[in-house]
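In what follows, a single structure is set out as structure tokens and then discussed.
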Amino acid sequence: MITLDSLTKDYGKNRAVNELSFTIEPGTVTGFLGPNGAGKSTTMRMILGLDAPTSGKSLINGVGYEQLRHPMRTVGAHITGTAGHPGHTPRTHLKALAQSNQIPASRIDEVLAQAGLQSAAAQRIGGFSLGMRQRLGIAAALLGDPQILILDEPMNGLDAEGIAWIRQLMKNRAAQGGTVFVSSHLMSEMQQVADQLVLIGRGELITQAPTDELIKGFAQQVIAVRAPQASALAGALAGHGAEITEGGGNRLEISGLSLAEVGAIAFSNDFELHELSQARGSLESAYDQLTRDTVEFTSSTAGKAMGK
């Protein structure tokens, strides 16, 4: 379990994290979301004792990270950019970590295999791609077979197979009673893997809720329609204020109208329907609505800044 109690971090006059309080329970994958600059990485670094809080505290199973005797056997963490010295190999890097935490050497080959790095075990890390460094960082996080995993943007640089691997890994760890706390900007992946979500903006908590509950409460609802006269139907629906996205196979995705309203408009205009259903809302839609007032860096803002 991870517990944050009024966790706060100042950098001079800038407050990066402001009195964050929440709990991450075992048996779940908890996604950690927020705009760039929201304080996600700073929060994770404070949990891991890499940054000292200005005030407040974070606890791992009731104690501070610095009080853990063999931390890698309790918490496995991968923070972006911490995949080992470029002159080392995966094997030497993991060996040093194992010795420092009294982890059996047999775990080295196990996690190399789990991360798909057996063939690269003797290569220097400096020649690794971003995806390979990500795999090595995750292998290091798994080395102590910890109850808790903390992963900061673990999908960056991974190919489709790698993303599927880390997604299943997180699900399996949670199903076995572990605690998984993961940050990511990939909303579609978080929607698939996260049981719970913590959203922050400008260093403050926006909400913590189950993923399905958050999507249901805040995502724009989408109606799926498939009709032989899809283009004509789209015109009729647009006349009633609907926003429409056309897909293949005469399929439309409609927002701005209810299921009943779409059905009534189609009926009154004698359109034949082959499908009329309410699709699950997207996490991206809910995220945009919840964080719109906390985004500090946007394309339009950047454009104005460059014009000054």
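Structure values in brief
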quantity	calculated
Entries of Lys13/Lys171; Lys13/Lys40; Lys9/Lys95; Lys57/Lys216 with Cα pairs more than 29 Å apart	Lys13/Lys171; Lys9/Lys95; Lys57/Lys216
Distance (nanometres) between label positions extended 7 Å along Cα→Cβ at Glu272 and Ser6	6.8 nm
Relative contact order (%) - criterion: Cα under 8 Å, at least six apart; region: the chain	20 percent
The chain - mean residue ellipticity at 222 nm from DSSP helices (-39,500 (n - 2.57) per run, n ≥ 4, rounded to 500)	-10500 deg cm²/dmol
Sequence-distant residues sharing a close amide H with Thr179 (under 5 Å, placed H)	Gly27, Ile148, Leu149
In order through segment 245-251: 3J(HN,Hα) via Karplus (6.51 cos²θ - 1.76 cosθ + 1.60), integer Hz, x for Gly, Pro	10, 8, x, x, x, 6, 9
Zone of Leu59's modelled label, taken as backbone nitrogen in segment 15-43 under 15 Å from a point 7 Å along Cα→Cβ	21-26
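Bear in mind that the values in this text are calculations on the coordinates, not laboratory data. Computed from a predicted structure; not experimentally measured. Here Cβ is always computed from backbone atoms with ideal geometry, including for glycine, and neighbour counts include all displayed protein chains.
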